[in-house]
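Asks: Quick one: this structure, given as structure tokens, is what I'll be asking you about.
The values are calculated or read from the model by the stated rules, or taken from the named source; none is laboratory data. The model shown is predicted, which means the values in this text are computed figures rather than measured ones. Neighbour counts are summed over all protein chains in view; Cβ atoms, including those assigned to glycine, are modelled from backbone coordinates with ideal geometry. Please note that ligands, DNA and RNA were not included when accessible areas were found on the heavy atoms of the full protein model with its side chains. Shrake-Rupley method; radii C 1.70, N 1.55, O 1.52, S 1.80 Å.
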Amino acid sequence: MIIIDTQARAALLKDAVAAFPDECCGFLFGKEDENGLRAITEIQVVNNAKEGDKRRRFVIAPLDYIRAEEYADENQLQLLGVYHSHPNHPAIPSEHDRVAAQPWFSYIIVSVLDGKPDALRSWRLNDDSRFEEENVGIVANSYTNS
Amino acid sequence: MATVIIPTPLRKFTNNTARLEVTADTIDKTVNELTLNFPDLKKHLLDEQGQIRSFVNIFVGNDDIRNLQQGQTAVKADTVISIVPAIAGGVA
């Protein structure tokens, strides 16, 4: 189960729409509790560093990744995963998504159809390196940074 | 000893430790030391030929070792090494 703060969700959808027809990407920050419940309290928009056509691919530059880990550390947050958009495609991970995916991370995918946000779904790799869908909940100001 | 920063997704293989200290004096030896101490890390760092996986970047400070001396890059006591997973994907 993963819960997304309404403001974080709004920021994510705004990025996805602004980037259309290109793919957007960014980081998910929050906390995972002792029961494995994840709460996303903020997102960080990251430049899609894919060279050339960005409508079907995204890449996050290594230095942006290093900065994201530093940000989490400095703000007592956890880097819980990555989001990206699928312009005019469903919010289902592709084989390319799966091959490049990291263990443990949550991968939120938002579908954007003709410039409008559609489904938002979250996925995690299982021990067999296959994606399994996570239930997504949305709450206002879900968790504080305590 | 040099410090290795373990990325969040791989910390479940290092007993949730974010920073590890190593005695190695090169990157290759650092990776070897890490995989000996934490065997479950191995498949996430190395391919079947024992080479650093293409989806893994290793940085010394802000420099990718591919732009330095790769696995032979020297590691000193004050070196900070970051293991950086490549983050990519997309529709196709």
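Asks: Of A:91, A:68, which residue is over 17 Å from residue A:46 (Cα atoms) and aliphatic (A, V, I, L, M)?
Replies: A:91
Asks: Among all residue pairs at least 6 apart or on different chains, which show Cβ distances below 7 Å where the first residue, located in the stretch A:4-30, is under 14 Å from residue A:86 (Cβ atoms) and the second is assigned to a helix (DSSP H, G or I)?
Replies: Short answer, once both residue conditions are applied: A:24/A:15; A:24/A:16.
Asks: Now, a different point. Those residues that are in contact with a helix residue (DSSP H, G or I) (Cβ under 8 Å, 6 or more places away or on another chain), farther than 19 Å from residue A:54 by Cβ and within 14 Å of chain B (Cβ to nearest Cβ), I need them from the stretch A:89-122; list them, please.
Replies: Those that are in contact with a helix residue (DSSP H, G or I) (Cβ under 8 Å, 6 or more places away or on another chain), farther than 19 Å from residue A:54 by Cβ and within 14 Å of chain B (Cβ to nearest Cβ): A:102, A:103, A:104, A:105.
Asks: Would you pick out the residues in the stretch A:23-79 that are polar (S, T, N, Q), more than 10 Å from chain B (Cβ to nearest Cβ) and under 25 Å from residue A:1 (Cα atoms)?
Replies: Result: A:35, A:41, A:44, A:75, A:76.
Asks: For the stretch A:11-79, give me every one of the strands (runs of 3 or more DSSP E) that falls completely inside it and has 1 or more residues that are at pLDDT below 95, open to solvent by less than 60 Å² (accessible area, probe 1.4 Å) and of a type in the set (Gly, Ala, Ser). Steps first, answer last, please.
Replies: Working: elements: A:25-32, A:38-46, A:58-60.
Of the strands (runs of 3 or more DSSP E) lying wholly inside the stretch A:11-79, none has at least 1 residues that are at pLDDT below 95, open to solvent by less than 60 Å² (accessible area, probe 1.4 Å) and of a type in the set (Gly, Ala, Ser).
Asks: Only residues that are in contact with a Pro (Cβ under 7 Å, 6 or more places away or on another chain) and either in contact (Cβ under 8 Å) with a residue 60 or more places away in the chain or among the aliphatic types (A, V, I, L, M) (or both): list them for the stretch B:44-58, please.
Replies: Matches in the stretch B:44-58: B:56 only.
Asks: Step by step: first the residues of the stretch B:1-13, then only those that are more than 12 Å from chain A (Cβ to nearest Cβ) and surrounded by 14 or more Cβ atoms within 10 Å (Cβ to Cβ), then the one that is nearest to residue B:83 (Cα to Cα). Which residue is that?
Replies: Out of the qualifying residues, it is B:4.
Asks: If I go through the stretch B:55-78 residue by residue, how many of them are over 12 Å from the mean Cα position of the chain (by Cα) and either farther than 13 Å from residue B:29 by Cβ or open to solvent by 50 Å² or more (accessible area, probe 1.4 Å) (or both)?
Replies: Result for the stretch B:55-78: 12.
Asks: Give the residues of the stretch B:21-43 that are over 10 Å from residue B:1 (Cβ atoms) and in contact (Cβ under 8 Å) with a residue 40 or more places away in the chain, sorted by residue number.
Replies: First, pick out the residues of the stretch B:21-43 that are over 10 Å from residue B:1 (Cβ atoms): B:25-43.
Residues satisfying the conditions are B:25, B:26, B:27, B:28, B:29, B:30, B:31.
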